[in-house]
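Presented below is the structure to which this report refers.
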Amino acid sequence: MAKQTFDSRHLVTFEETNVVGNVYFTNYFLWQGRARELFLREHSPSTLAEVTAGELRLVTAHASCDFVDEFVAFDEVLVRMSLNRFIPFGVSLGFEYGRVPSDTVAYEVVARGRQDIKFLRREGLRWDLFEIPQPLMEIFQRYE
């Protein structure tokens, strides 16, 4: 059985490219963050509300990206986010960046990435590591 993914699409614009014409590497990390936020918006608005209110933080403990090819301006990108595994006080997410198929191009993987996220909750003036909020845990289990 294939792993369930949360998919988001993105159209590359010139502002995301460098002088050579390919997408600048930091944009892949921006797309990871965008996918994570859209996932929360769609699947766990209560968790997103806690983050927005400053009661909960999602801290990136690790982020990486391995490149197979390059995107250029006006490529349509499909970012597929999945759960790699649960980690203490967080999750490890996997990302696959693919070129969306057109009449002349088949889907191809351009890069793969990973992001480890830890959860922190405010305790007075301190921020302490916190277990994954229950509503979010139930949703992540669907992506396991």
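What follows is calculated from the coordinates using simple rules that are stated; it is not laboratory data. Just so you know, these numbers come straight off a predicted model, no measurement behind them. Don't worry about glycine lacking a Cβ; one is built from the backbone with ideal geometry, like all the others, and counts go over all protein chains shown.
Observations on the structure shown:
- Selected residue [in contact with a Pro (Cβ under 8 Å, 6 or more places away or on another chain), closer than 23 Å to GLU144 by Cβ, surrounded by 13 or more Cβ atoms within 10 Å (Cβ to Cβ) and among the hydrophobic types (A, V, I, L, M, F, W, C)] from LEU56, LEU48: LEU56
- Qualifying position, being touching a residue at least 12 places away in the same chain (Cβ under 8 Å), assigned to a strand (DSSP E or B) and more than 15 Å from THR5 (Cα to Cα), among ARG57, ARG114: ARG57
- Once the range 8-45 is narrowed to residues that are over 16 Å from GLN115 (Cβ atoms), within 18 Å of the chain's Cα centre (by Cα) and of a type in the set (D, E, K, R), the residue that is surrounded by the fewest Cβ atoms within 10 Å (Cβ to Cβ) is ARG9.
- ASP103, sole failed condition from (1) surrounded by 12 or more Cβ atoms within 10 Å (Cβ to Cβ); (2) free of Cβ contacts under 8 Å to residues at least 24 places away in the same chain; (3) not in a helix (DSSP H, G or I): (1)
- Selected residue (only one of LEU40, LEU30 is out of contact with any strand residue (DSSP E or B) (no Cβ under 7 Å at 6 or more places or on another chain), part of a helix (DSSP H, G or I) and under 21 Å from PRO135 (Cβ atoms)): LEU40
- Test: residue in the range 101-118 that is closer than 24 Å to PRO45 by Cβ and polar (S, T, N, Q): yes
- Residue list for the range 106-134, filter: among the acidic types (Asp, Glu) and surrounded by 14 or more Cβ atoms within 10 Å (Cβ to Cβ): ASP116
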